[in-house]
Amino acid sequence: MSEDISPVLSVKDLKVVFSTRKGEVHAVNTINFDLNSGELLGVVGESGSGKSVTMMSLLSLLPSPPAKINGGTVSFEGKDLLKMNQKEIRKIRGGKIGFIFQDPMTSLNPVFSVGFQIMEPLKKHMGLTGRKAQDRALELLELVGIPDPKKRFKDYPHQFSGGMRQRVMIAIALTCNPKLLIADEPTTALDVTIQAQILELVRDLRKKLGMAIIWITHDLGVIAGIATRVIVMYAGQIVEQANVDELFANPQHPYTQALIETIPAVRGERTKRLNSIRGQAPTTLIEPHFCSFHPRCDFAFNKCTSINPQLIEQRKNHLVACHLFEDKEVAVG
Amino acid sequence: MFNYTIRRTLLAIPTLFFISLALFLLLDLAPGDPTAQLPLTIPPEVREKIRLALGLGEPFHIRFLLWLEQFFINEPLHLLTELTGVDFSGDRQRVISWQSRSPVMDIVVQRLPQTLWVVGMSYVMGTIIALPIGIISAYRQYSWFDQIGTFVSMVGFSIPTFFTGVLLIVIFSVHLGWFPSIYDTTHVVTDWGSLIVQIKQMIMPTMVLALYNAAQISRFMRASMLDNLNQDYVRTARAKGLRENVVLLVHVLRNSMIPVVTVIAIGVPTVFGGAIITEQVFKVNGLGQLLITAIQANDIPMVQTLTFIFAVLIVLFNLLADILYGILDPRIRYE
């Protein structure tokens with residue numbers, strides 16, 4: 001897939017399980033993907049499909065126990081993040097890889113000033129202190145579009161609106177010029193106008209700073225507007241992966257097709273009811289040896305209940321994990 | 001913040017006035033006769049004269065106003081006289097104990113050091129022990145440390161101090177003979193040897209109360225830490241690449257201390273009055289013991305003064321807790 005450029009991040013066979021009272025939940029099952037520099041990879045899926053867990057496990061941010069990484073490699077700049085000790089991984093967190101979280105209302109520490117929270121990683125990773133750290137922090141606040149940064153520097157999170165707090169979170173994630181920014185549903189908790197502003201800001205920053213971004217969301221509309229490539233996840237597995245235009249023009253997997261059909265049309269007839277996918281997302285108490293989507297799939301046949309389909313290249317740069325396409329794959333070659 | 005403090009302090013004045021009135025009314029309603037402990041051979045008419053001499057013949061409001069004058073004007077003036085050597089008080093009447101006929105405040109000042117040494121020390125010790133236990137218990141939830149910690153604090157919380165006190169006396173005084181079972185208030189620390197004697201006699205009462213206080217505070221600390229450890233900002237702090245001890249002791253602790261500081265501050269007044277039972281068990285003649293004997297002897301001025309001092313302390317430390325709250329939590333703004 002990526003013969004020309006070596007990827008920034010390469011995830012291979014990643015498995016994450018959670019031990020619960022009912023047994024082990026297989027939250028992430030054998031995930032493989034690459035991320036090229038400057039790319040904006042969108043990750044979509046329902047709640048509980050393992051999007052966030054996958055990304056958090058890259059930096060060992062999951063509480064362990066109950067989470068356990070059950071094998072796989074995550075290479076970043078030629079090193080395996082999963083084999084690093086605590087000290088090494090801390091240098092990556094906030095230094096080389098920045099994180100933005102879902103709820104800006106609770107993601108900032110309420111008792112410390114915004115300036116303090118931005119300067120913390122500056123001290124930690126870049127050794128900046130005093131005046132220099134403050135200047136850089138002000139520069140970052142300016143960069144993420146917070147008006148009058150000097151005045152807001154000493155303010156506390158509760159004095160900011162939701163959108164402004166998310167901008168502060170982005171500033172924190174960008175403090176040390178990360179190679180990669182992981183955004184975990186950063187606009188889900190914001191209203192639509194603020195969401196549009198944040199999307200615009202991220203698009204802008206990507207152009208300016210040239211970092212790769214992983215954008216987790218369950219909103220296909222957001223993905224269509226911002227991503228270059230998309231991964232669709234279901235029950236801890238990648239079911240489809242393609243460039244954004246290709247995915248929306250030619251969705252292959254029945255799940256992706258169903259997802260796209262659920263997007264309500266803004267124009268056109270209003271009489272139509274909202275589409276939904278029947279059934280519930282499964283809990284993965286057993287490691288699937290079948291297609292996890294088969295109970296909800298209209299095209300399921302015998303093979304779907306007995307063999308877990310592998311992700312295969314069905315068209316150029318378009319990977320699908322579905323038994324329906326296995327013959328075609330041979331034909332395309 | 002400053003205005004808030006001033007306003008709250010001023011508001012405390014009417015509060016305390018009503019508390020003193022309520023206390024006075026309550027004590028007036030209480031049964032008992034201040035002359036009851038005097039010999040039975042005293043004829044009834046003499047007994048009545050003694051009552052009148054104590055001021056009991058006056059109507060209620062006069063007695064209350066007299067007490068107010070004695071406590072709020074005469075006592076401070078007397079204190080000023082003591083401190084400066086200039087005579088401010090003249091022959092103004094101080095609050096006098098009916099039992100000993102000596103000024104109430106003088107007795108309180110005599111008893112205060114014992115209470116502060118034993119009970120105050122136990123509160124400080126309890127807090128110092130409790131905070132790290134609470135923090136570690138929460139951080140390593142369900143570890144063996146946490147299991148032992150929560151078990152011990154449950155035991156400390158549920159077993160009354162008169163039981164642990166007597167138990168310690170049986171073990172360490174009777175069987176092992178390490179520590180004295182009675183606290184000697186006349187003991188004066190002059191050199192190393194006498195200091196060791198002082199420490200020895202302090203250990204048991206201090207331990208009994210420290211266990212109780214630590215049990216309470218460590219549970220609060222643990223619960224508060226657990227509340228905060230799952231917050232999103234903790235994940236943010238980790239994602240910034242901060243070390244675990246910074247995450248825990250800077251980010252989580254500051255938030256967790258907000259409710260705990262209130263609990264600790266509000267608990268301080270109990271130091272002065274709450275350790276009544278332990279003081280009885282170890283024969284420490286501190287303030288708690290003073291209050292008990294005063295109640296038994298119907299020494300109304302003493303009881304009134306002591307309970308009012310406790311009330312002042314409670315109001316004061318509530319105010320202090322509120323101010324600390326505002327300092328720790330920027331979301332609380334007092335304007």
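Nothing in this text is a laboratory measurement; each read-out follows from the coordinates by a stated rule. Quick caveat, the model's predicted, so the values are computed rather than measured. Using ideal geometry, Cβ is built from the backbone for each residue, glycine included, and neighbour counts are taken over all protein chains shown.
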**Study point:** Given (1) part of a helix (DSSP H, G or I); (2) within 14 Å of chain A (Cβ to nearest Cβ), number of the condition B:L242 does not satisfy
**Key:** (1)
Study note, to complete from the structure: Picked from segment B:209-233 (must be surrounded by 19 or more Cβ atoms within 10 Å (Cβ to Cβ) and over 30 Å from B:V281 (Cα atoms)), the residue nearest to the other protein chains (Cβ to nearest Cβ) is B:Y233
**Study point:** Of all residues making up segment B:309-334, the number that are within 18 Å of B:N255 (Cβ to Cβ) and assigned to a loop (DSSP other than H, G, I, E, B)
**Key:** 5
Point to revise | Meets criteria (without any contact (Cβ under 8 Å) to a residue 12 or more places away in the chain and more than 7 Å from every other protein chain (Cβ to nearest Cβ)) for A:G127 | key: yes
Revision key, fill the gap. So the helices (runs of 4 or more DSSP H) completely within segment B:114-233 holding 3 or more residues that are among the β-branched types (V, I, T) and under 19 Å from B:A275 (Cβ atoms) are B:121-139, B:161-168, B:192-229
Study note, to complete from the structure: Picked from segment A:66-92 (must be free of Cβ contacts under 8 Å to residues at least 12 places away in the same chain and away from chain B (no Cβ under 14 Å)), the residue farthest from B:V234 (Cα to Cα) is A:G78
Review point. Within segment B:44-71, which residues are exposed (fewer than 12 other Cβ atoms within 10 Å of the Cβ) and within 34 Å of the chain's Cα centre (by Cα)?
Key: B:A53, B:P59, B:F60, B:H61, B:I62, B:L65
Review point. Just to be sure, is B:N298 on the phi > 0 side of the Ramachandran plot and polar (S, T, N, Q)?
Key: yes
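Residue-wise test of (1) buried (at least 22 other Cβ atoms within 10 Å of the Cβ); (2) within 13 Å of another protein chain (Cβ to nearest Cβ); (3) on the phi < 0 side of the Ramachandran plot.
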{"residue": "A:T106", "(1), (2), (3)": "no, yes, yes"}
{"residue": "A:F112", "(1), (2), (3)": "no, yes, yes"}
{"residue": "A:V168", "(1), (2), (3)": "yes, yes, yes"}
{"residue": "A:I172", "(1), (2), (3)": "yes, yes, yes"}
{"residue": "A:K179", "(1), (2), (3)": "no, no, yes"}
{"residue": "A:I194", "(1), (2), (3)": "no, no, yes"}
{"residue": "A:K208", "(1), (2), (3)": "no, no, yes"}
{"residue": "A:I214", "(1), (2), (3)": "yes, no, yes"}
{"residue": "A:T217", "(1), (2), (3)": "yes, no, yes"}
Point to revise | The one condition in (1) in a helix (DSSP H, G or I); (2) in contact (Cβ under 8 Å) with a residue 60 or more places away in the chain that A:G95 fails to fulfil | key: (1)
Point to revise | strands (runs of 3 or more DSSP E) enclosed by segment A:185-290 - at least 1 residues per element that are of a type in the set (S, T, Y) and either touching a residue at least 60 places away in the same chain (Cβ under 8 Å) or closer than 20 Å to A:E46 by Cα (or both) | key: A:212-217, A:229-234
